[in-house]
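Reviewing the structure listed below.
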Amino acid sequence: YAMNVCGAILGSVVAGFLLLPRLGGQGSLVAIAATNLLCGLVLLAALPPGRRVFAAVAGAVGAALFLATSLAAPDPHLVALRWRYPGEQLLWREEDAQLTVSVHLREDGARLLYLDGIHQADDSPGVLRFHRLLGQLPLALHPAPRRALVVGLGGGATAGAMSRQPGLEIDVVELSTALVHGADQLRHANNDVLRQPNVRLRIDDGRNYLLLTPQRYDVITADIIRPFHAGAGNLYSAEYFRLASDALTDDGLMVQWVDTSSETQYRLIVRTFMSVFPNTTVWSDGRLLIGAKGPLRPAADGQARALREPAAREALEALGAGGDGALLSLCTAGPDGLRRYVGPGPLLTDDRPMIEYFLTLPRDDRPVDLDRLRGDEGRAGRCVAVPGDAPPAGRQPD
């Protein structure tokens with residue numbers, strides 16, 4: 001048992017810090033298989049003298065077959081990509097200990113970024129507009145943003161849009177070096193964000209960074225991270241949102257993307273977010289949560305500032321918010337309406353990441369009912385948080 005425990009620890013260290021970073025997925029599988037082959041050859045060599053001919057023949061045949069198959073075997077990840085995305089040309093691919101990142105060219109000329117074979121970003125106009133809105137909306141609402149944090153680089157469009165804001169310093173925290181190199185393949189769509197003088201990239205875990213940094217931010221946002229990805233529950237839990245709140249200035253804003261295709265998941269995420277930010281407002285047809293430590297008071301000149309920047313103007317105008325005062329039209333609901341919609345219930349926590357184990361949630365779920373979410377509040381009532389000590393939206397799990 002002791003040897004088994006030591007072997008498990010050693011295997012984790014060797015795989016995570018040596019094999020995957022240096023050999024990649026396929027090379028690591030070949031190396032592990034070669035270790036098993038070596039064990040077999042050692043056992044053959046231990047046979048009695050009368051069976052040494054058999055041992056030599058069997059060992060030679062086994063080693064030759066292993067060498068032939070390991071050289072001829074295709075990369076399983078490439079096979080999966082070709083099967084899943086037929087008609088797309090693979091332009092670039094890189095592995096690291098966290099991810100396998102690939103960039104593809106579609107027949108219509110669009111470039112797409114995949115993480116472990118799952119779509120993360122692309123340079124199509126619709127996707128770019130929304131990512132830019134994710135970065136520009138909180139800058140337009142904040143009275144005087146000076147420093148912002150982006151958790152997760154993704155394709156870089158969100159941080160790239162923010163980098164065009166004059167006087168704004170941006171920290172980007174990304175765990176995967178392969179994804180950093182992948183985002184560089186989309187520099188034509190992300191304002192070449194990695195080379196902007198007001199952008200600093202840190203290779204680190206986002207939660208660890210929030211836990212340890214002494215820096216305080218006017219805006220904290222994140223790239224779109226799908227909740228069903230393995231490990232994504234760490235970026236949807238109440239503990240994560242509390243870390244973000246601690247890293248905000250007194251008038252800082254926290255922005256969180258949330259999927260509206262599942263009402264159950266939506267309520268879980270929003271309820272958890274509001275347990276930390278009771279004054280939450282929701283924007284862009286329910287997809288963007290904006291939390292503040294106090295009542296949200298949109299900057300009077302926010303839209304004027306945003307419309308002076310081409311990236312922000314494009315994002316707002318595409319959503320019909322380019323005219324005077326139209327910025328507030330993007331707001332879907334205020335804290336009271338949002339709290340009524342999500343109702344009481346469990347919260348997402350580090351030890352109960354229900355959103356990550358989505359197969360345990362209702363399978364016949366319906367999308368978010370935007371009409372019910374909007375309710376009968378007036379436009380101004382939806383967009384400005386109500387002062388006071390609003391109660392949290394949910395309860396802790398039993």
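From the list Asp122, Asp116, pick out the single residue that is under 19 Å from the mean Cα position of the chain (by Cα), within 30 Å of Arg207 (Cα to Cα) and open to solvent by less than 60 Å² (accessible area, probe 1.4 Å).
None of the other options fit; the residue is Asp122.
When you scan the stretch 131-190, how many residues do you find that are out of contact with any helix residue (DSSP H, G or I) (no Cβ under 8 Å at 6 or more places or on another chain) and either over 16 Å from Leu253 (Cα atoms) or open to solvent by 10 Å² or more (accessible area, probe 1.4 Å) (or both)?
Going through the stretch 131-190 one residue at a time, the tally reaches 15.
How many residues are open to solvent by 100 Å² or more (accessible area, probe 1.4 Å) and not in a helix (DSSP H, G or I) when one looks only at the stretch 350-364?
Of the residues in the stretch 350-364, 5 are open to solvent by 100 Å² or more (accessible area, probe 1.4 Å) and not in a helix (DSSP H, G or I).
Hey, can you tell me all the residues within the stretch 268-281 that are open to solvent by 10 Å² or more (accessible area, probe 1.4 Å), modelled with pLDDT of 95 or more and closer than 15 Å to Ala333 by Cα?
If the condition is that a residue be open to solvent by 10 Å² or more (accessible area, probe 1.4 Å), modelled with pLDDT of 95 or more and closer than 15 Å to Ala333 by Cα, then Arg271 is the only one that fits.
Looking at the stretch 14-25, is at least one residue in a helix (DSSP H, G or I), open to solvent by 80 Å² or more (accessible area, probe 1.4 Å), of a type in the set (Phe, Trp, Tyr) and touching a residue at least 12 places away in the same chain (Cβ under 8 Å)?
yes
From Leu91, Leu71, which residue is modelled with pLDDT of 95 or more, open to solvent by 40 Å² or more (accessible area, probe 1.4 Å) and over 29 Å from Asn234 (Cα atoms)?
Every option except Leu91 fails the conditions.
So if I check each of Leu201, Leu243, which one is open to solvent by 10 Å² or more (accessible area, probe 1.4 Å), assigned to a strand (DSSP E or B) and of a type outside the set (Phe, Trp, Tyr)?
Leu201
Considering the stretch 192-235 alone, what residues qualify as being among the polar types (S, T, N, Q) and under 25 Å from Val127 (Cα atoms)?
Result: Gln196, Asn198, Thr221, Asn234.
Inside the stretch 172-188, can you point out the residues that are under 18 Å from Gly25 (Cα atoms) and small (Gly, Ala, Ser)?
Selection gives Ser176, Ala178, Gly182.
Yes/no matrix, rows are residues, columns are (1) open to solvent by less than 70 Å² (accessible area, probe 1.4 Å); (2) of a type outside the set (Val, Ile, Thr); (3) modelled with pLDDT under 90:
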site: Gly7; (1), (2), (3): yes, yes, no
site: Val30; (1), (2), (3): yes, no, no
site: Leu43; (1), (2), (3): no, yes, no
site: Pro49; (1), (2), (3): no, yes, yes
site: Arg82; (1), (2), (3): no, yes, no
site: Pro86; (1), (2), (3): no, yes, no
site: Leu99; (1), (2), (3): yes, yes, yes
site: Leu105; (1), (2), (3): yes, yes, no
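The values are calculated or read from the model by the stated rules, or taken from the named source; none is laboratory data. Since we're looking at a predicted model, the values are computed, not measured. Counting neighbours? That spans all protein chains shown, and the Cβs are built from the backbone with ideal geometry, glycine included. Quick note on the areas: whole protein, heavy atoms, side chains included, nothing else; ligands and nucleic acids left out. Shrake-Rupley method; radii C 1.70, N 1.55, O 1.52, S 1.80 Å.
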